Amino acid sequence: MLISLHDALAYAEEKNCAIAAVNTPTFEMLLAAIRTAERHRVPLILQHAEVHEPINTIENIGPAMVELARRSEVPLVVHVDHGESFDYVKRGFDVGFNSAMIDASVLPYEENLAVTREVVALANEYGYGVEAELGVMPGREDGRTEASAQALYTDPDRAESFVRDSGVTALACSFGTVHGLYRAEPHLNYDLIDTLRSRTGVPIVMHGGSGLSASEYRDCIRRGVRKINYYTYADKAAFEAAQQHVAENPDTFTFSPLTVAATAAVEENLDELVRVLYGL
Ligand code: 13P
């Protein structure tokens with residue numbers, strides 16, 4: 001069933017856990033994410049990032065995400081991830097997404113605020129929640145992290161005024177994670193999460209969820225992270241399973257068995273994540 005971003009985050013608050021928000025640009029990722037949520041009977045966020053348009057457009061994979069979410073017995077949110085403009089978020093709502101992130105974090109503060117306010121006004125017409133981002137995280141949501149990319153940690157003063165003046169439901173913050181693979185040990189600023197949480201009063205969203213240890217996830221959750229975005233390591237597990245299938249079946253000459261192996265590997269990967277995030 002479809003539930004709102006607000007309700008998913010309220011669940012996380014009540015259970016003192018974080019909701020897994022998984023990018024599902026392929027059908028394999030989508031099936032694996034839903035099956036994992038159903039196996040553990042937990043709410044989950046299915047999301048499509050604008051940067052994944054070359055894999056599948058939101059108009060193609062989106063209706064499948066919405067329909068499978070509606071049919072499922074577990075509560076699911078269908079969320080636009082890193083929408084880079086008002087128009088992209090609108091495209092998501094038009095195909096039935098019921099939640100969105102607007103990411104104008106590369107723009108100067110005032111411009112980020114202005115775009116975010118427009119998106120919040122649109123979402124309010126539907127009663128949908130909005131996530132926005134303040135501070136800049138290194139790396140792209142397609143799993144590539146440029147070695148030179150510099151993080152700009154979220155400023156608590158700005159975060160407080162941004163949330164107050166935009167009316168967002170949740171705030172994606174930069175506190176030490178990166179999108180994609182870690183080239184070096186992450187240094188998470190837990191005190192910053194604490195401060196951001198208390199100053200803004202809204203749930204904090206972690207981007208770049210791949211590659212942290214179970215204790216790092218738990219420490220972030222304890223400080224107020226309520227949504228954890230996750231993609232690269234699940235996609236990597238799919239790739240490695242497909243590679244292994246080819247190595248173990250040298251006579252194979254069709255593609256479909258690779259998708260079965262990939263789906264199973266993503267399920268296994270997400271299973272581990274969900275156990276930690278929901279404290280199961
Ligand atoms: P990873 O690809 O690092 O797991 O991050 C995903 C993400 O933050 C999507 O918004």
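Listing for the model above:
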read-out	value
The one condition in (1) within 16 Å of the ligand (Cβ to nearest atom); (2) within 21 Å of VAL119 (Cβ to Cβ); (3) touching a helix residue (DSSP H, G or I) at 6+ places or on another chain (Cβ under 8 Å) that SER174 fails to fulfil	(3)
The range 182-220 - residue that is of a type in the set (A, V, I, L, M) and open to solvent by 10 Å² or more (accessible area, probe 1.4 Å) and, of those, farthest from VAL136 (Cα to Cα)	ALA214
Matching residues in the range 43-60 - criterion: being open to solvent by 10 Å² or more (accessible area, probe 1.4 Å) and either touching a residue at least 40 places away in the same chain (Cβ under 8 Å) or assigned to a helix (DSSP H, G or I) (or both)	GLU50, VAL51, GLU59, ASN60
Residues within the range 10-41 that are of a type in the set (Ser, Thr, Tyr) and open to solvent by less than 10 Å² (accessible area, probe 1.4 Å), tallied	2
Residues satisfying the stated conditions in the range 118-136, i.e. among the hydroxyl-bearing types (Ser, Thr, Tyr) and in a helix (DSSP H, G or I)	TYR126
Tally of residues being touching an Asp or Glu at 6+ places or on another chain (Cβ under 8 Å), crowded, with 22+ Cβ neighbours inside 10 Å and under 30 Å from ASN16 (Cβ atoms) across the range 227-256	3
Boolean, VAL78 is under 18 Å from the mean Cα position of the chain (by Cα), among the aliphatic types (A, V, I, L, M) and more than 17 Å from VAL168 (Cβ to Cβ)	yes
Hits in the range 221-237 - residues which are within 13 Å of the ligand (Cβ to nearest atom) and either free of Cβ contacts under 8 Å to residues at least 40 places away in the same chain or assigned to a helix (DSSP H, G or I) (or both)	THR232, TYR233, ALA234, ASP235, LYS236, ALA237
Condition broken by VAL274, with the remaining ones in (1) closer than 23 Å to VAL51 by Cα; (2) in contact (Cβ under 8 Å) with a residue 60 or more places away in the chain; (3) in contact with a His (Cβ under 8 Å, 6 or more places away or on another chain) satisfied	(1)
When residues of the range 95-116 are limited to those that are buried (at least 22 other Cβ atoms within 10 Å of the Cβ) and more than 15 Å from the ligand (Cβ to nearest atom), the one farthest from GLY135 (Cα to Cα)	ASN98
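The values are calculated or read from the model by the stated rules, or taken from the named source; none is laboratory data. Please read these numbers as outputs of a predicted model, since none were measured by experiment. Counting neighbours? That spans all protein chains shown, and the Cβs are built from the backbone with ideal geometry, glycine included. Remember, those area values only see protein heavy atoms, side chains included, never the ligands or the DNA or RNA. Shrake-Rupley method; radii C 1.70, N 1.55, O 1.52, S 1.80 Å.
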